[in-house]
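The values are calculated or read from the model by the stated rules, or taken from the named source; none is laboratory data. Source: prediction; values computed, not measured. Glycine gets a Cβ as well: all are built from the backbone with ideal geometry, and neighbour counts include every protein chain shown.
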């Protein structure tokens, strides 16, 4: 049997054995990065790719005090599960784990962790990049930048200040 066919068959079996609850998590607690990596470890994996989104201290020339994340939890879990299923269908992954923080996140802390494992690095890199891009586009998790000067702004990567999608006019 061809190696790609074997990986596809193993990937289908993985989806049966692991539930979406094993692959996705929303939490108000600091993310345990070692646990995220451990969750995707597999003897079938020759590559593990980890993406960490962290709270940086400056955005657009303004000093950040902290971030706050809120979400519509039921829909966020559903969208994250859909993205996990889509990624498993697009790439021959051995493991996948997404953890997103909610609540207050201090500068330097991790706000999102995405780990994927695969037999080869190309699939793992592609899946990881696709997942973070899609999470920012479609999952109802909202970020507020709390500024050091006391102000704050809610941020959505696909919207401009008027609430219209970038490149469209607001109606």
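Within this structure, residue 158 fails the test of being modelled with pLDDT of 95 or more, closer than 30 Å to residue 63 by Cα and loosely packed, with under 15 Cβ neighbours inside 10 Å. The single condition among (1) touching a strand residue (DSSP E or B) at 6+ places or on another chain (Cβ under 7 Å); (2) surrounded by fewer than 14 Cβ atoms within 10 Å (Cβ to Cβ) that residue 38 does not satisfy is (1). The set of residues from the range 130-151 being touching a strand residue (DSSP E or B) at 6+ places or on another chain (Cβ under 8 Å) and closer than 19 Å to residue 45 by Cβ comprises just one member, 131.
Of everything in the range 47-73 that is surrounded by 13 or more Cβ atoms within 10 Å (Cβ to Cβ) and more than 22 Å from residue 141 (Cβ to Cβ), the residue that is farthest from the chain's Cα centre (by Cα) is 47. Determine whether the range 15-26 contains at least one residue that is modelled with pLDDT of 95 or more, surrounded by fewer than 17 Cβ atoms within 10 Å (Cβ to Cβ) and either part of a helix (DSSP H, G or I) or under 18 Å from the mean Cα position of the chain (by Cα) (or both). Checked the range 15-26: no residue is modelled with pLDDT of 95 or more, surrounded by fewer than 17 Cβ atoms within 10 Å (Cβ to Cβ) and either part of a helix (DSSP H, G or I) or under 18 Å from the mean Cα position of the chain (by Cα) (or both). Confirm whether residue 9 is surrounded by fewer than 13 Cβ atoms within 10 Å (Cβ to Cβ), over 25 Å from residue 153 (Cα atoms), out of contact with any strand residue (DSSP E or B) (no Cβ under 6 Å at 6 or more places or on another chain) and at pLDDT 95 or above. No: the conditions fail for residue 9.
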